[in-house]
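Q: Take this structure first; my questions come after.
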Amino acid sequence: MHSEIKTLGHPRAALLGFAVAVLAYNVLALLKAVTEQAHRGAHPELEVSTYHLAVEITSMYESMAVMVPPEYLPCADDDPQRLLQRLLRLAAALNPRQLASSKRKPKSTRANVGYVSGLIARSHVSTARVIRQVGKRC
């Protein structure tokens, strides 16, 4: 029960932790939208799973950081349209089947066959009474 990070109790640290979480979520939402847009032509109803996208990013990030030279990485002073085109090209290389969210089908309505009412299920049965009834039958 002592899982709280003590240093995050300070207002500045808590604010920093919150800001980092919001920034990370915004980046993930951007990548999700770009991936859906890149595959919109071939898969018009594609809905990318946030979980599968995060798994894909974490599994590929380390090798990408080693293999891609720094000159290919986006800079802060890049043109936003150029960055968008680069992100769309990268997202087009992803497999949409691996990133698609799986929809659950609606639950079927079944009759409660084989169930007893709660009143009967919760009723008290005395062990002595059960033993007496078994003794009468034998």
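The values are calculated or read from the model by the stated rules, or taken from the named source; none is laboratory data. Worth saying up front: this structure is predicted, and the values here are computed from it rather than measured. Methodologically, a virtual Cβ is constructed for each residue, glycine included, from the backbone with ideal geometry; neighbour enumeration extends over all protein chains shown.
Q: How many residues are part of a helix (DSSP H, G or I) and farther than 18 Å from ALA24 by Cβ if we restrict to region 56-74?
A: The qualifying residues number 6.
Q: Report yes if some residue within region 94-102 is exposed (fewer than 10 other Cβ atoms within 10 Å of the Cβ) and hydrophobic (A, V, I, L, M, F, W, C); otherwise report no.
A: Within region 94-102 (the criterion being exposed (fewer than 10 other Cβ atoms within 10 Å of the Cβ) and hydrophobic (A, V, I, L, M, F, W, C)), the answer is no, since none of the residues qualifies.
Q: Quickly run through region 75-125 and pick out the residues that are part of a helix (DSSP H, G or I), more than 28 Å from SER49 (Cβ to Cβ) and among the aliphatic types (A, V, I, L, M).
A: LEU119, ILE120, ALA121
Q: What residue, among those in region 1-55 that are of a type in the set (S, T, N, Q), in a helix (DSSP H, G or I) and modelled with pLDDT of 85 or more, is surrounded by the most Cβ atoms within 10 Å (Cβ to Cβ)?
A: Filtering first and then ranking leaves THR35.
Q: Also, I was wondering about something else. Please count how many residues of region 76-93 are loosely packed, with under 10 Cβ neighbours inside 10 Å and at pLDDT below 80.
A: Looking only at that region, the number is 2.
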